[in-house]
Amino acid sequence: MTIDRKFGMAPGGFESVEKFVEKYRAICEPDQVFWCDGSEDEKKFLLQQAVSAGVLEPLNQDILPGCYYHRSNPNDVARVEQCTYICTPSREDAGPTNNWAAPRDMYEKLHGLLRSSMRGRTMYVVPYLMGPPGSPLRMVGIELTDSIYVVLNMRIMSRMGRVALEQLTGKGDFNRGVHCTLNLDPAQRFICHFPQDNAIISVGSGYGGNVLLGKKCLALRIGSSLGRQQGWLAEHMLLLSVESPTGDKTYVAAAFPSACGKTNFSMMIPPASFEGWKVKTIGDDIAWMRPGKDGRLWAINPEAGYFGVAPGTNFATNPNAMRSIQSDTIYTNVAVTPNGDVWWEGKDGPVPENLTDWKGNPWTPQSLEKAAHPNSRFTAPMQNNPALAPEVNHPDGVPISAIIFGGRRATTMPLVFQSFNWIHGVYLGATMASETTAAAAGELGKVRRDPMAMLPFCGYHMGDYFNHWLNIRRELNDPPRIFHVNWFRKGKDGSFLWPGYGENFRVLKWVIDRCRGRAPARETAIGWMPRFNEFDWQGLPFAKSQWDELMQYDAAEWRRELLWQEEFLLTVHDRLPKELIFQRELLISRL
Ligand code: GTP
Ligand code: SPV
Ligand code: MN
């Protein structure tokens with residue numbers, strides 16, 4: 001069978017795409033080159049191929065129509081920060097928070113690994129568009145990959161195929177991405193970014209953020225670097241709209257680190273007592289934001305699907321996610337039931353008696369290991385989301401009123417507080433910390449600094465990044481208000497003090513009311529805070545004593561926190577904006 005094919009049309013910039021493909025065809029020497037057009041026929045064909053190659057397993061098509069299952073190599077189930085490199089000409093430009101390698105050395109090493117690497121395999125050419133067609137922020141990427149799983153995921157996560165080629169400008173300014181699975185040897189796993197060439201090369205992995213190059217690699221690492229040069233922001237943020245009973249809409253962006261609640265927050269359903277309030281999803285992971293002509297900050301979601309955490313997802317915590325993953329979804333590393341349904345820890349209903357776990361082994365409730373990997377995921381098209389906001393396709397995006405930063409903190413951080421102003425808000429983002437999760441390989445539950453949830457994703461010097469945030473303020477005459485939240489504070493018995501999920505709407509409503517000048521607050525040393533009786537408690541019995549525990553800031557804990565913050569700020573000290581040092585001094589004197 002021949003699947004060597006190309007498009008009949010020749011949109012602008014097509015020649016440079018061909019040159020790029022030809023360059024890596026010559027290096028990788030695939031048996032064939034397959035140009036993806038994004039059509040339905042092609043999807044059917046690729047699914048068939050993936051199933052016959054054993055890459056995907058069809059799930060029960062009566063329960064989960066169009067859904068497939070994929071199991072990763074157990075050594076390859078999360079992002080790998082230690083193998084991720086920013087290859088700028090000078091080490092200083094990558095900064096102390098990134099691994100760095102000289103571009104020439106890294107190209108040489110990677111091209112060595114890529115040489116003849118696709119013999120006996122197919123090289124797929126995946127043109128993809130990040131952002132709505134016609135958006136001033138949109139970006140085209142071409143990902144070359146030898147993984148059919150990557151192609152089928154990119155098809156969900158981005159606007160893939162013809163639509164992307166049609167957005168080429170003819171200046172050759174598309175992202176050049178190369179992915180090769182190699183033999184999944186962790187010693188030969190490299191996720192490398194070349195911002196000055198708008199290029200990415202990823203080898204030795206087949207998993208999510210390592211290989212779906214439009215997502216973390218382009219939309220955040222390369223994106224943040226381009227954003228700095230061009231005056232916009234690429235952020236690890238969800239985007240949502242809140243519609244009040246009277247019909248006014250407020251748009252909010254929120255940055256929480258990986259596996260800290262973005263997908264859940266972006267799809268939340270307000271508690272029943274909030275009649276007439278609606279929350280709609282614009283994005284669940286990434287936001288590109290630029291100052292508009294009107295002096296407001298406008299945001300788009302560059303993605304077209306959700307690569308979401310499965311464990312903990314159920315009809316009580318996130319009904320909209322559950323409805324989004326009933327059809328045309330790829331499940332990765334969850335457990336499978338004997339009749340071809342999927343299961344994970346924290347799914348609705350009783351624990352099944354017999355499962356095949358994420359490693360392919362038989363599993364029963366007595367098994368000591370988890371049935372689903374803690375970082376098991378679903379890949380679902382955003383069109384499946386019943387709460388999808390129509391604005392998701394607006395080329396200009398939506399004007400943001402509030403930015404929320406939040407981490408996973410068992411102690412220290414209250415449920416919510418508001419910054420005094422933009423610079424103080426940038427300080428809150430810059431000094432954020434969170435417990436590590438299964439989304440990245442490494443130790444779990446360790447508190448680490450994760451500025452603006454961008455520690456693994458900022459493609460340049462973190463000090464320059466903070467400066468860029470401060471500079472953006474100059475382009476705004478109506479800047480978003482900035483808040484800090486923590487859904488994960490624990491009481492003395494180790495359980496969460498706050499119910500979270502849909503109940504987070506109460507916090508969101510306070511945030512929106514603050515932006516609209518409708519809610520009072522108390523000025524404290526750390527920021528503006530709601531009082532117990534100023535919070536909207538309709539439908540939720542919540543004890544004042546629990547609220548006090550949830551909202552308190554303890555002087556001893558904060559002294560320790562400040563020392564930690566300083567430790568981190570010292571690492572980026574050479575390019576740290578002085579404004580942030582002043583903020584720290586102000587905070588100390590207030591405390
Ligand atoms: P990435 O896709 O890795 O960027 O993660 P994310 O930020 O989208 O996190 P997600 O919404 O998938 O949530 C991650 C985990 O946190 C899941 O297991 C959720 O069940 C849990 N979680 C989300 N929101 C809350 C909350 O409000 N309270 C509590 N206790 N847990 C939550
Ligand atoms: C994250 O880790 O923040 C994710 C999952 O959204 S991945 O795409 O693997 O980066
Ligand atoms: Mn994420």
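The values are calculated or read from the model by the stated rules, or taken from the named source; none is laboratory data. Please read all numbers here as calculations on a predicted model, not as lab measurements. With ideal geometry, Cβ positions are generated from the backbone for all residues, glycine too; neighbour counts draw on all protein chains shown. What goes into the accessible areas is simple: the full protein's heavy atoms, side chains included, and nothing from ligands, DNA or RNA. Shrake-Rupley method; radii C 1.70, N 1.55, O 1.52, S 1.80 Å.
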The answer for the longest stretch of the chain without any exposed GluC sites (Glu not before Pro) (DSSP loop, at most 11 further Cβ atoms within 10 Å) is 1-274
Suppose every Lys and Arg Cβ carries +1 and every Asp and Glu Cβ carries -1, with no other charges. What dipole size does the chain come out with about its Cα centre, to the nearest 20 debye?
820
Taking H as built 1.01 Å from N, whose amide H comes closer than 5 Å to the amide H of Ser158, not counting residues under 5 places away?
Ala304
Heavy-atom accessible area of Trp547, protein chains in place, probe 1.4 angstrom, given in Å² to nearest 10, is 10
Which whole-number value in Å² is the accessible area per residue of the chain, probe 1.4 Å?
38
Residues whose built amide H sits under 5 Å from the amide H of Tyr85, excluding neighbours closer than 5 in sequence, are Ile191, Cys192, His193
For Thr411, the accessible surface traced by a 1.4 Å probe with all protein chains present amounts, in square angstrom to the nearest 10, to 70
Which residues qualify? For Phe488, with a placed amide H closer than 5 Å and at least 5 residues away or on another chain, they are Arg409
Mind putting a number on the dipole of region 261-399 about its Cα centre? Charges go on the C-beta only, +1 for Lys and Arg and -1 for Asp and Glu, and I need it in Debye to the nearest 20.
340
In whole µm²/s, the translational diffusion coefficient that Stokes-Einstein assigns to region 401-499, given a Kirkwood hydrodynamic radius over C-alpha pairs, 25 °C and 0.890 mPa s, equals 168
Portion, in percent, of the accessible area of the chain that falls on carbon or sulfur, probe 1.4 Å:
49
May I ask you to evaluate 6.51 cos²θ - 1.76 cosθ + 1.60, the Karplus curve with θ = phi - 60°, for each residue of region 374-385 and list the ³J(HN,Hα) values in order in whole Hz, giving x for glycine and proline?
x, 9, 5, 9, 10, 10, 10, x, 5, 4, 6, 6
Computed ³J(HN,Hα) along region 487-493: with the Karplus parameters 6.51/-1.76/1.60, θ = phi - 60°, integer Hz and x for glycine or proline, the list is 7, 10, 5, 10, x, 4, 7
Here FRET efficiency (C-beta to C-beta, Glu18 to Arg522, R₀ 45 Å, nearest 0.05) is 0.10
Which trypsin sites (Lys or Arg not before Pro) does region 47-116 hold that lie in a coil by DSSP with at most 13 other beta carbons within 10 Å?
Arg115
Point-charge dipole on Cβ atoms (K/R +1, D/E -1) for region 308-381, about Cα centre, debye to 20
180
With each run of n ≥ 4 DSSP H residues scored as -39500 (n - 2.57), what mean residue ellipticity at 222 nm is computed for the chain after dividing by its residue count and rounding to the nearest 500 deg cm²/dmol?
-7500 deg cm²/dmol
Could you tell me the distance between the Cα centroids of region 269-341 and region 87-136, to the nearest Å?
28
Which of the listed residues, Val150, Leu476, Met452, is farthest toward the dipole's positive end in the chain, when Lys, Arg count +1 and Asp, Glu count -1 at the beta-carbon?
Leu476
Taking +1 at the Cβ of each Lys and Arg and -1 at the Cβ of each Asp and Glu, which of Phe505, Pro381, Tyr69 sits farthest along the dipole of the chain towards its positive end, judged by Cα position relative to the Cα centre?
Phe505
Per residue, what volume in Å³ does the Cα convex hull of region 480-591 take up?
143
Reduced Cα scattering model of region 308-381, Debye log10 I(q)/I(0), q = 0.28 Å⁻¹:
-1.44
Within the chain, which complete DSSP H helices have Cα atoms spanning at least 20 Å along the helix axis and a mean Kyte-Doolittle hydropathy of -1.0 or higher?
14-28, 555-571
The ³J(HN,Hα) series, computed from each phi in region 432-439 with the Karplus coefficients 6.51, -1.76 and 1.60 at θ = phi - 60°, rounded to the nearest Hz and given as x for glycine or proline, is 4, 9, 7, 6, 5, 10, 6, 5
Where Rh is the Kirkwood radius over Cα pairs, Rg/Rh for the chain:
0.95
